[in-house]
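Note sheet for the following structure.
Here, each number is a calculation from the coordinates, and none is a lab measurement. In this text, all values refer to a predicted model and were calculated from it rather than measured experimentally. Note: ideal-geometry Cβ built from the backbone for every residue, glycine included; neighbour counts use all protein chains shown.
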Amino acid sequence: MTAELHTLTGAYAVDAVPEEEAAAFERHLRGCSACGQEVRELREAAARLGSALATPPPPRLREATLTEVAHTRQWPPLVAVARRGGPAKTRIALWGAAAAAVGALVFSLVTTTTDPGADPARQQLASVNAVLTAPDASTVKGAERGTTTVVTSRGKGKIVVLAGDLPPLAPGKAYQVWLIGASGVHSAGLLAPDGPHRTHPVLADLPGGIDRVGITAEPAGGSPAPTVPAVVMVDLV
């Protein structure tokens, strides 16, 4: 099992390992400095891929890609893979497909220049990448509605929240992110739409003692405190 875990660095670096396997790999990381170093380097490389291109993608690229995804098989035939290499290779093949999907998400964050300069959007992306590639970056996925991913760096004192496929909002409402812990409930900001199924990442300071992240549907301008039960609640590790 340990030898197989060494092969997961690439998939783990782009958050493409199933939850049960990720837990085993994280235990392995505590005693394997080589894998830890490789994960950090791969995360940094993935972030650079997302910011190194100087040419903006065509305006209709995302729409065309989603159209292709709708009728393109996303997974290889399991039986054929199993015959060649057995269960271990089957899992690795599936992780590779998931990594490709994450790569598409990274591509969606590409900036139009390698130098963030004074552009606030590019500065925001650079700050998000700094959290994602931090040596102590910890990633947790929500198991409730939608697809929520939370990345924290205690060393940098920052948190990044990415959400998609949340329930549609009523007019005049917006999703607001809350950081919850011993020090109380703190607003991290509003989730701004970035297309029909996803939002822009929220970057916020991470107060000490925060152990949960919640998302609620609030009035469009936001609220000083949650007014309704959370749509999503993610426990941090």
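Calculate the spin-label point distance for A170 paired with A130, positioning each point 7 Å from the Cα along the beta-carbon direction, and give it in nanometres.
Placing both labels 7 Å along Cα→Cβ, they lie 4.0 nm apart.
What is the extension gain from S223 to K141, computed as 0.36 nm multiplied by their sequence separation minus the C-alpha to C-alpha distance, in nm to one decimal?
Length gained between S223 and K141: 27.0 nm.
For a quick check: with amide H placed at 1.01 Å from N, whose amide H comes under 5 Å from A188's, ignoring anything fewer than 5 positions away on the same chain?
Excluding prolines and chain starts, which carry no amide H, the hits are V177, W178, L179.
Whole-Hz Karplus ³J(HN,Hα) for the stretch 223-237, in order, using 6.51 cos²θ - 1.76 cosθ + 1.60 and θ = phi - 60°, x for Gly and Pro?
With the stated coefficients, the stretch 223-237 comes to 10, x, 8, x, 10, 9, x, 5, 6, 9, 9, 10, 7, 7, 10 Hz.
So, by mean Cβ neighbours within 10 angstrom, what's the order for 197-206, 224-233 with the highest one leading?
197-206, 224-233
Quick one: 3J(HN,Hα) in Hz for the stretch 21-26, Karplus 6.51/-1.76/1.60 with θ = phi - 60°, rounded, Gly and Pro as x.
Taking θ as phi minus 60°, the curve returns 6, 4, 4, 5, 5, 5 Hz for the stretch 21-26.
Where Lys and Arg each count +1 and Asp and Glu each count -1, what net charge lies around V131 among other residues with Cβ under 9 Å from its Cβ?
Charge balance in the 9 Å sphere: +2.
Report, by chain and number, residues whose modeled amide H sits under 5 Å from the one on R212, excluding near sequence neighbours (fewer than 5 apart, same chain).
I180, L236
Could you work out how far the C-alpha centroid of the stretch 189-227 sits from that of the stretch 139-180, in angstrom?
6 Å
Give me a comma-separated list of calculated 3J(HN,Hα) values for the stretch 155-163, in order, Karplus coefficients 6.51, -1.76, 1.60 applied at θ = phi - 60°, integers in Hz, x for any Gly or Pro.
Ordered by residue, 3J(HN,Hα) equals x, 8, x, 10, 9, 10, 10, 10, 9 Hz.
If amide hydrogens are placed 1.01 Å from N in the peptide plane, which non-local residues have theirs closer than 5 Å to the one on A174?
Placed amide hydrogens put E218, A220 under 5 Å from A174.
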